[in-house]
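Below: the structure, in structure tokens.
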Amino acid sequence: MEMEKLVSLCKRRGFLFQSSEIYGGLNGFWDYGPLGVELKRNIKNAWWQDMVTGHDEMAISQGAPSTYEMTGLDCTIIMHPQVWKCSGHFDLFCDMMVDCRESKKRYRFDQLRGRWVEAKGKKVFVTTLAEAEEEDADLERRALKAFNLRAKDTAQLIWEGTVLSLDKVDSLEAVFAPEAKEIGTLTEPREFNLMFPTTIGALAGEEGRAFLRPETAQGIFVNFKNVIDSTRVKIPFGIAQVGKSFRNEITPRNFTFRSREFEQMEIEFFCHPDESRKWYEYWRDRRMKWYTNLGLAGDRLQLREHDKDELSHYSVGTADIEYAFPFLPDGEYGELEGIAHRGDFDLRSHMEGKLVKNAQGCLEVELGEDGKPKYRGSGRDLQYRDEVTNERFTPHVIEPSAGADRGALAFLCEAYTEDAAPDDKGQMQTRVVMKFHPRIAPIKAAVFPLVKKDGMPEVAQEIYRALKKRFPAFYDEKGAVGRRYRRQDEAGTPYCITVDGQSLTDQTVTIRDRDTLEQWRVKVDDVVEEIASRVS
């Protein structure tokens, strides 16, 4: 599937629009259209239903170490600045970036890729952007430019080694930046904090400085004690949250994959330290199964455990659920969700202050130059007391963190299909069909009168109104039936219901399946239950 086709369909059919498009757009921000908002809402609702509301159905039989409880929160986007200092985001939530002194472009250090090449007795590291579609061809074009050669002179280029990211290169003096005309124009890499700063109230200085949250997790951690005290939940239990987060990405790219404003679906699951490994494995496997149950199956989806050198300083173990998005090179996957075993890092940080790992591999409070904690914690006791055993401990945390926008993008990519179907004259024609799982399809059913007369529209509208009480439905009486089918195929509607002449005599209608093109007749009175049983 070509990504350009999907992007075009998303705009044409109202899944996604560039934010502020009439003013030229704003890079890294996207608006969900009428179909897109329903798709994303269905994904979030399916997640909440399966992970929170219906969490405990057959939990033990599905691999859970024990029964457990789930609850939810909806926390503010702006929090106390000290939250981000203790969590480590203030100091560590950074990307390394480089600037080109000539083109004035800014790049993420690890998002420039290149290769060493030699010609005319000089050796240069030519680079291109990581998302370049024709990487080899682009590097060759840049190499010819670096040595002032023509296309017929490619034989003079002597390539060395394989393609590397720029952060693997020791010196930037011989680097040829993607849009530069001279060699050696890149600055040394420097840290760029990804949090969006803002100001609270009328104070414009440091006292009024705050940040838009870069993740939803910290709101859960700082409310841990509030949830314990105000509810009857007992460990093990999870707190879930769905909400917007913001990261000032240097190079947002690949449609909605890397955006500056995005929505997360996160769970912080609190458990006894002795059982945390089992809970980590349970949530890792359960979250993978959730995607496969909704249609992301086959070789394009994988579960990958992080190597030790990939782990965050607080993590005991992390696995990524990854999808082979079509804009990535063959064999590469993009992260959909991370399942992290965070140990007791977060709760301890908000009790004691920002934690770092010492030489022995243990977490301890980071000290400033004065020998005092660099960032002080809240001083609140966030430990848990078991009412049965009277044991006190700091719970360990398992965090399944999913991106609602990346999930929506993966389901869009997986659903896009081109096949053949008969038109109104019985001729086979290529059709575009979005094969969403019925649970997440934006529209569940569409209703058509065969013609706009003989009482057919009245019957069709009655069925449409009955369907609308249960789930999103669509009514269409414009154009030939074949064209109406095509429009709904592009929208991903799993079932189309047609009222025809026979409907007026025997009170039955035709239902058409989007994927198989199978058609069957159902009594008018049974239509709602027939569709409901198939989309639930």
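The values are calculated or read from the model by the stated rules, or taken from the named source; none is laboratory data. All of these numbers come straight from a predicted model, not from anything done at the bench. We place every Cβ from the backbone using ideal geometry, glycine too, and count neighbours over all the protein chains shown.
Filter the stretch 426-453 for residues that are without any contact (Cβ under 8 Å) to a residue 24 or more places away in the chain and of a type outside the set (Ser, Thr, Tyr) and give the result. Across the stretch 426-453, the qualifying residues are 426, 427, 428, 429, 451, 453.
Considering the stretch 85-124, and only residues there that are within 23 Å of the chain's Cα centre (by Cα) and of a type in the set (Gly, Ala, Ser), the residue that is nearest to residue 194 (Cα to Cα) turns out to be 88. When restricted to residues that are free of Cβ contacts under 8 Å to residues at least 60 places away in the same chain and closer than 25 Å to residue 490 by Cα, the stretch 38-59 contains 2.
The rows are residues; the columns are (1) on the phi < 0 side of the Ramachandran plot; (2) in the same structural domain as residue 88 (by TED's automatic domain parsing); (3) part of a strand (DSSP E or B).
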site	(1), (2), (3)
184	no, no, no
202	yes, yes, no
207	yes, yes, no
210	yes, yes, yes
215	yes, yes, no
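Each row is one residue, and each column tells you yes or no for (1) part of a loop (DSSP other than H, G, I, E, B); (2) at pLDDT 90 or above; (3) among the hydrophobic types (A, V, I, L, M, F, W, C); (4) assigned by TED's automatic domain parsing to the domain that holds residue 352.
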| residue | (1), (2), (3), (4) |
| --- | --- |
| 75 | yes, yes, yes, yes |
| 83 | no, yes, yes, yes |
| 102 | yes, yes, no, no |
| 115 | no, yes, no, no |
| 128 | no, no, no, no |
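For the stretch 152-167, the tally of residues that are free of Cβ contacts under 8 Å to residues at least 60 places away in the same chain and either over 41 Å from the mean Cα position of the chain (by Cα) or part of a helix (DSSP H, G or I) (or both) stands at 5.
If we scan the stretch 486-494, do we find a residue that is hydrophobic (A, V, I, L, M, F, W, C) and within 19 Å of residue 458 (Cα to Cα)? No; the residues of the stretch 486-494 include none that is hydrophobic (A, V, I, L, M, F, W, C) and within 19 Å of residue 458 (Cα to Cα). Just a yes or no: is a residue in the stretch 33-48 surrounded by fewer than 17 Cβ atoms within 10 Å (Cβ to Cβ), among the aromatic types (Phe, Trp, Tyr) and not in a loop (DSSP other than H, G, I, E, B)? No - not one qualifying residue is present in the stretch 33-48.
The residue that is surrounded by the most Cβ atoms within 10 Å (Cβ to Cβ), counting only those in the stretch 360-375 that are without any contact (Cβ under 8 Å) to a residue 12 or more places away in the chain and of a type outside the set (D, E, K, R), is 367. When the stretch 422-453 is examined, which residues are found to be more than 30 Å from residue 407 (Cβ to Cβ) and surrounded by fewer than 23 Cβ atoms within 10 Å (Cβ to Cβ)? The answer is 422, 423, 424, 425, 426, 427, 428, 429, 450, 451, 452, 453. Restricting 512, 465, 483 to those that are part of a helix (DSSP H, G or I) and touching a residue at least 24 places away in the same chain (Cβ under 8 Å) reduces the list to 483. If you go through the stretch 494-504 one residue at a time, do you hit one that is touching a residue at least 60 places away in the same chain (Cβ under 8 Å), assigned to a helix (DSSP H, G or I) and not polar (S, T, N, Q)? For the stretch 494-504, residues touching a residue at least 60 places away in the same chain (Cβ under 8 Å), assigned to a helix (DSSP H, G or I) and not polar (S, T, N, Q): absent. Under 6 Å between Cβ atoms, which residue pairs at least 6 apart in sequence (or on different chains) link something in the stretch 72-99 that is more than 21 Å from residue 243 (Cα to Cα) with a partner that is of a type in the set (A, V, I, L, M) and at pLDDT 90 or above? Correct list of pairs: 98/186.
Could you tell me whether the stretch 335-345 includes any residue that is crowded, with 17+ Cβ neighbours inside 10 Å and within 15 Å of residue 375 (Cα to Cα)? Yes: one or more hits. The residue that is surrounded by the most Cβ atoms within 10 Å (Cβ to Cβ), among those in the stretch 248-298 that are of a type in the set (Gly, Ala, Ser) and over 30 Å from residue 344 (Cβ atoms), is 259. Whenever a residue of the stretch 346-359 is over 18 Å from residue 393 (Cα atoms), its partners that are part of a helix (DSSP H, G or I), lying with C-beta atoms within less than 9 angstrom and at least six residues away or across chains, give the pairs 354/85; 354/86; 354/87; 354/90; 354/91. Has the stretch 71-79 got any residue that is in contact with an Asp or Glu (Cβ under 8 Å, 6 or more places away or on another chain) and either within 30 Å of residue 148 (Cβ to Cβ) or not polar (S, T, N, Q) (or both)? Within the stretch 71-79, none of the residues are in contact with an Asp or Glu (Cβ under 8 Å, 6 or more places away or on another chain) and either within 30 Å of residue 148 (Cβ to Cβ) or not polar (S, T, N, Q) (or both). Out of 418, 414, 399, one residue alone is at pLDDT 85 or above and surrounded by fewer than 14 Cβ atoms within 10 Å (Cβ to Cβ). It is 418. When residue 226 is tested against (1) free of Cβ contacts under 8 Å to residues at least 24 places away in the same chain; (2) farther than 18 Å from residue 349 by Cβ, exactly one condition is not met: (2).
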